[in-house]
Amino acid sequence: PSCMREATLEIPRVRWEDIGGQHATKQLLREAVEWPLRHPEAFQRMGIRPPKGVLLYGPPGCSKTLTAKALATEAGLNFIAVRGPELFSKWVGESEKAVRAVFRKARAAAPAIVFFDEIDALTVKRGAAGGSASVADRVLTQLLTELDGIEPLVNVTVVAATNRPDVIDPGILRPDRIDRLIYVGPPDFETRREILCIQLRKTACADDVDVDALAERTDGFSGAEMIALCQESAIAAMAEDVDASCVAMRHFEKCLRGFKKRITPEMLR
Ligand code: ATP
């Protein structure tokens, strides 16, 4: 009996329009993943080898997962999601089997994206970890075997995500493996504005809510924190009046005062 959770085949429902800003990331991903899967003949004609894998790296909560999902939705690709830490098993041999199973599933679901979240957990530099080093090494070897493919990866692209590109084994990032790196940074002013607009469209707002001012005052927030701020402010409004609640600028002010940001300078490129 396996003690591991299966990689899940999902049909994501995230659209490009659900993601504020991040236009460059969206475009780079489409070129690297959507084009080759949808127009393989064009790549052949141009003599270009499409990437097998793309690494999205950057601070937490800044839309890596969201973007990978939207890519699958918009390009009509199946989406197989795996979290790095979940693939580890204390049973000898079980973790490599799990990696094989993920790729078997992906081939069967092609055209598909295999999304490895927290891939750093799978690919710590060889010998770096303590007691579980040998399991980690075997998992890494299996992953490389799958990418180098005796069985080629046809119509399957790996999209991986990490907050810690520095701890990933360089072997995984070599040419013809996961060799396209895309930085997904914290939202800039325009992106924060868009995230607020997307979120507040669904929220009863007072006339005094000033999206520009809020975007201005949330410099350094991650996308996830922008959403959290909106939610906390909505709850603050409800605390005043559950039935006729409507979020106003004063609720945002209150939450902004107590807000603790998660992204630290060391997390930035
Ligand atoms: P982690 O590294 O922690 O896994 P991540 O970069 O994968 O983070 P996501 O899971 O994509 O981050 O984003 C977390 C949540 O933050 C999303 O579910 C969404 O609610 C919100 N969010 C982040 N960025 C954006 C954005 N640009 N537009 C809209 N929502 C966003």
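Just checking, does the stretch 112-135 include any residue being at pLDDT 80 or above, part of a strand (DSSP E or B) and away from the ligand (no atom under 15 Å from the Cβ)? Yes: the stretch 112-135 contains one or more residues that are at pLDDT 80 or above, part of a strand (DSSP E or B) and away from the ligand (no atom under 15 Å from the Cβ).
When Glu34, Glu86, Glu41, Glu74 are screened for being open to solvent by less than 30 Å² (accessible area, probe 1.4 Å), at negative phi, over 15 Å from the mean Cα position of the chain (by Cα) and more than 12 Å from the ligand (Cβ to nearest atom), only Glu34 passes.
Within the stretch 9-43, which residues are over 18 Å from Gly223 (Cα atoms) and either out of contact with any helix residue (DSSP H, G or I) (no Cβ under 9 Å at 6 or more places or on another chain) or without any contact (Cβ under 8 Å) to a residue 12 or more places away in the chain (or both)? Within the stretch 9-43, Gln27, Leu28, Glu31, Ala32, His39, Pro40, Glu41, Ala42, Phe43 qualify.
Pairs meeting the criteria (first residue in the stretch 50-61 and part of a loop (DSSP other than H, G, I, E, B) and open to solvent by less than 10 Å² (accessible area, probe 1.4 Å), second residue aromatic (Phe, Trp, Tyr) and within 14 Å of the ligand (Cβ to nearest atom), beta carbons under 9 Å, at least 6 apart or on different chains) are Gly58/Tyr183. Within the stretch 183-200, the residues that satisfy the criterion of being more than 7 Å from the ligand (Cβ to nearest atom) and within 17 Å of the chain's Cα centre (by Cα) are Tyr183, Gly185, Pro186. If you go through the stretch 201-250 and keep only what is part of a helix (DSSP H, G or I), under 30 Å from the mean Cα position of the chain (by Cα) and not hydrophobic (A, V, I, L, M, F, W, C), you end up with Asp212, Glu216, Arg217, Gly223, Glu225, Gln231, Glu232, Ser233. On the given criteria, is Ala98 open to solvent by 10 Å² or more (accessible area, probe 1.4 Å), among the hydrophobic types (A, V, I, L, M, F, W, C) and touching a helix residue (DSSP H, G or I) at 6+ places or on another chain (Cβ under 7 Å)? Criteria met by Ala98.
Taking the criterion of being in a loop (DSSP other than H, G, I, E, B) and open to solvent by 30 Å² or more (accessible area, probe 1.4 Å), the residues of the stretch 154-176 that qualify are Val154, Asn155, Asn163, Arg164, Arg174, Pro175, Asp176.
The values are calculated or read from the model by the stated rules, or taken from the named source; none is laboratory data. This one's a predicted model, so the numbers in the text were calculated from it and none came from an experiment. Neighbour counts are summed over all protein chains in view; Cβ atoms, including those assigned to glycine, are modelled from backbone coordinates with ideal geometry. Please note that ligands, DNA and RNA were not included when accessible areas were found on the heavy atoms of the full protein model with its side chains. Shrake-Rupley method; radii C 1.70, N 1.55, O 1.52, S 1.80 Å.
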